[in-house]
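Take a look at the structure set out below.
The values are calculated or read from the model by the stated rules, or taken from the named source; none is laboratory data. In this text, all values refer to a predicted model and were calculated from it rather than measured experimentally. Note that each Cβ is placed from the backbone with ideal geometry, even for glycine, and that neighbours are counted across all protein chains shown. In case anyone asks, the SASA skips ligands and DNA or RNA and just uses the protein heavy atoms, side chains included. Shrake-Rupley method; radii C 1.70, N 1.55, O 1.52, S 1.80 Å.
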Amino acid sequence: MITPEEIFDAGTSFEKKAVQVFEFQRTNNPVYQRFCKALDIVKVTSLSEIPLLPIQAFKDTEVLTALKNSKFRIQNLEFQSSGTSGMSRSRHVVPEPEVYSQSIIRGMKHFYELDDYVIWAYTPGYIENPDSSLIWMLNVLMDREESGLSRFMDLGQPINKAELKKVQNSGKNLMLFGAAFGLLDILDKGKIRLPEDAVILETGGMKTHRREITKTELHDQLAKGFGLLKSQVHSEYGMAELLSQAYSQEEEWFECVPWMKVSIRNPMNPMEEAAYGEEGLIGVIDLANLYSCSFILTGDKGLQRADGKFQVLGRWNPDNLRGCNFLIDQD
């Protein structure tokens with residue numbers, strides 16, 4: 001079987017690793033095995049042949065890939081998606097947390113000089129969720145940062161200028177994580193100029209108590225409010241069902257880490273990829289999801305360009321998902 005170390009090995013092609021992961025998960029993941037059987041798919045030789053499991057499966061059952069008598073099951077870390085009271089939430093069992101830690105750190109280092117940053121996080125709506133994968137991710141980043149200045153910010157409070165000065169005096173840059181609506185709430189308490197080398201990394205959540213705004217409008221407001229260039233306002237694309245993230249440093253275009261690939265799928269035939277520039281469902285192959293399912297059809301709408309970068313255009317109308325969701329109901 002393929003190992004976590006091999007997942008992150010840049011010396012092996014993504015396609016070769018994906019085919020190995022497919023075979024491992026088709027054999028050892030009961031949910032994915034049943035899904036592949038419904039599609040009459042037993043063996044694949046290329047990325048295009050690998051079926052993507054509708055993300056709804058994470059709400060209906062435990063999606064777990066593990067060998068019999070595996071030691072991983074003992075650790076039993078579990079993430080749940082955000083949701084309001086009474087809402088069905090996705091559950092993602094993570095039998096080997098170290099794989100997630102490696103994906104977080106390696107992924108951030110792929111895009112940023114991570115050792116140069118102090119991490120601040122303003123996370124209303126997430127911090128109240130004890131099973132939030134985002135909070136777990138931020139704790140990993142903060143725990144490895146050695147200055148002692150990384151922290152979760154107090155909710156409902158303006159940025160502390162004295163603490164900001166400490167970051168500036170430390171010789172490190174500031175990376176401010178936050179949900180879109182939370183960052184705008186900070187600015188409601190007064191504009192404040194962040195250090196000129198700071199980076200804002202918004203994690204989504206475009207719908208606010210004001211109205212739903214576009215990402216372009218959001219980044220314009222954040223850049224102006226925090227006294228930064230728009231090029232310093234970045235985005236992260238991730239979810240509870242994934243162990244890897246994509247990052248946008250070029251306005252609205254996201255780029256994947258090397259062990260993750262995105263494709264845009266025809267919602268009525270998810271085995272078919274959409275043409276570049278054509279809207280469809282975002283499909284993700286996340287090889288770090290070795291012990292759950294690496295092949296996921298999300299409920300997000302997006303489009304992609306020829307270099308592999310993609311845009312997220314919001315949620316797809318659930319009424320239009322019949323073409324793919326029926327598959328997970330088959331035995």
task: Could you sort 291-297, 159-165, 127-133, 51-57 so that the peptide with the highest average Cβ count within 10 Å comes first and the rest follow in order?
output: 291-297, 51-57, 127-133, 159-165
task: Could you state the angle between the C-alpha long axis of helix 161-170 and the longest principal axis of the C-alpha atoms of the chain, as a value from 0 to 90 degrees rounded to the nearest 10?
output: 70
query: What Kirkwood hydrodynamic radius do you get for segment 186-314 when you take the inverse of the mean 1/r over all pairs of distinct Cα atoms, in Å?
result: 15.9
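Using a 1.4 Å probe and counting only protein heavy atoms, arrange 214, 123 so the residue with the most accessible area comes first.
Working: 214 75, 123 5 Å².
Putting 214, 123 in descending order of accessible area: 214, 123.
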field: Pairs of alpha carbons in segment 1-154 whose separation is greater than 26 Å (percent)
entry: 40
task: Please identify every one of the GluC sites (Glu not before Pro) in segment 216-246 that sits in a loop by DSSP and has no more than 15 other beta carbons within 10 Å of its own beta carbon.
output: none
task: Mind pulling the angle between the C-alpha long axis of helix 215-226 and the longest principal axis of the chain? Nearest 10 degrees, somewhere in 0 to 90.
output: 30
task: Please report, largest first and rounded to whole Å, the three semi-axes of the ellipsoid equivalent to segment 101-218, where each semi-axis is the square root of five times an eigenvalue of the C-alpha gyration tensor.
output: 22, 18, 14
- prompt: Dimensions of the chain along principal axes (Cα, Å, largest first)?
  reply: 61, 41, 41
- prompt: Which lysines, on any chain, are close to residue 301 with Cα under 22 Å apart, when same-chain ones fewer than 8 places away are left out?
  reply: 59, 207, 215, 261, 309
- prompt: For the chain, what % of the accessible area comes from carbon and sulfur atoms, probe 1.4 Å?
  reply: 47
task: Keeping every protein chain in place, order 22, 8 by accessible area at 1.4 Å, biggest value first, i.e. largest first.
output: 8, 22
field: Other-chain or far-sequence residues with amide H under 5 Å of residue 264's (modelled H)
entry: 274, 283
- prompt: Can you give the angle from 0 to 90° between the axis of helix 97-111 and the longest principal axis of the chain, with both taken from C-alpha atoms, to the nearest 10?
  reply: 60
message: What distance in nm lies between label points placed 7 Å from Cα along the C-beta direction at residue 229 and residue 161?
response: 2.6
statement: For segment 94-139, dividing by residue count, accessible area per residue (probe 1.4 Å) in Å² works out to 36
message: Limiting things to C-alpha atoms, what are the Rg and the maximum Cα-Cα separation (Dmax) for segment 126-165, in angstroms?
response: 11.8, 33
task: Work out, step by step, the length gained on full extension between residue 276 and residue 220: first 0.36 nm times the residue separation, then minus their alpha carbon distance; give nm to one decimal.
output: 17.5 nm
